[in-house]
Amino acid sequence: MGLKLKVFRPVLAAIAGIALCAAAIAGTAKADEVAVGTVGGPMQGKIGGPFTLVDHNGDTVTDADFRGRFMLIYFGYTFCPDVCPTSAVMMAHALDELGEEEKKVVPIIITIDPERDRPEGMKDYVSHFHPRMVGLSGTPEQVAVAIKAYKVYATKVFEEGWGLDEYFVYHSDVTYFMGPDGKYLDHFGSGTTPKVMAARMLAHMRESPPRP
Ligand code: NI
């Protein structure tokens, strides 16, 4: 699928962003190893929870609106130069690998940068990755609730000479897989291939089928 992401800063700034994202991956690698390969595992009950956000059409949605479907959730931001678009592409490819089961899963991007990522911008962003991808934004307070519930690390990084609205967000790079009851099932760190993601999702889907 074609990526038409606009270049938002000069090359130097982009390189700085890559370094930040790489550091974020290194920081989460250890925690990730603990739970990978375990069904439910030590993260069960500790990840996820209620949220109220605004979708890419401007409608208010809550976590309860997704009940009955599996959620594949990534926290990122549209200005991210590399890691977020890569993860969104991986999500879309993993859905492709699911075949017929694909329809049971909702791919969701929740912004960690609500000041700059408004619903209209999220709509444009998610359209680059998957036709059913949902982009969620909201007030900083609403987003903070979701970030806390999913134990996401996100912090703004400013460089000298940049304006107040010019920053990168240093963030964890994890994709969550949640059940039709909204509860945590699994998560995928960066570097998990779409094939592996799909195989693990299918295993969970056999164990936790959507309620009729
Ligand atoms: Ni990113």
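Observations on the model:
- Comparison of ALA94, ALA149 shows that the only residue that is among the hydrophobic types (A, V, I, L, M, F, W, C), surrounded by fewer than 22 Cβ atoms within 10 Å (Cβ to Cβ), away from the ligand (no atom under 16 Å from the Cβ) and under 16 Å from the mean Cα position of the chain (by Cα) is ALA149.
Residue-wise test of (1) of a type in the set (Gly, Ala, Ser); (2) within 18 Å of MET71 (Cα to Cα).
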{"site": "TYR167", "(1), (2)": "no, no"}
{"site": "VAL174", "(1), (2)": "no, yes"}
{"site": "ASP186", "(1), (2)": "no, yes"}
{"site": "THR192", "(1), (2)": "no, yes"}
{"site": "MET197", "(1), (2)": "no, yes"}
{"site": "HIS204", "(1), (2)": "no, yes"}
{"site": "SER208", "(1), (2)": "yes, yes"}
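- Filtering the stretch 50-68 to residues that are in a strand (DSSP E or B) and touching a helix residue (DSSP H, G or I) at 6+ places or on another chain (Cβ under 6 Å) leaves THR52, LEU53, VAL54.
- For beta carbons closer than 8 Å, sequence separation of 6+ or different chains, a first residue in the stretch 69-88 that is closer than 16 Å to HIS187 by Cα and a second that is near the ligand (Cβ under 9 Å from one of its atoms) and assigned to a loop (DSSP other than H, G, I, E, B), the qualifying pairs are PHE75/ILE112; GLY76/ILE112; CYS84/TYR77; SER87/ASP173.
- Residues satisfying the stated conditions in the stretch 163-205, i.e. among the charged types (D, E, K, R) and in contact with a His (Cβ under 8 Å, 6 or more places away or on another chain): ASP186
- In the stretch 154-173, the residues that are touching a residue at least 60 places away in the same chain (Cβ under 8 Å) form Cβ pairs under 8 Å with partners that are of a type in the set (Lys, Arg) and more than 9 Å from the ligand (Cβ to nearest atom), at six or more places apart or across chains, as follows: GLU166/ARG9; PHE168/LYS156; VAL169/LYS156; TYR170/LYS156.
- The stretch 70-87, subset surrounded by 16 or more Cβ atoms within 10 Å (Cβ to Cβ) and part of a loop (DSSP other than H, G, I, E, B), residue nearest to the ligand (Cβ to nearest atom): CYS80
- Only one of the numbered conditions (1) under 23 Å from ALA203 (Cβ atoms); (2) modelled with pLDDT of 50 or more; (3) of a type in the set (Val, Ile, Thr); (4) part of a loop (DSSP other than H, G, I, E, B) is not met by THR38, and that is (2).
- Condition met for PHE129 (surrounded by 20 or more Cβ atoms within 10 Å (Cβ to Cβ), more than 16 Å from the ligand (Cβ to nearest atom) and either assigned to a loop (DSSP other than H, G, I, E, B) or under 13 Å from the mean Cα position of the chain (by Cα) (or both)): no
The values are calculated or read from the model by the stated rules, or taken from the named source; none is laboratory data. This is a predicted model, so every value here is computed, not measured. So basically every Cβ, Gly included, is an ideal-geometry build from the backbone, and we count neighbours across all protein chains shown.
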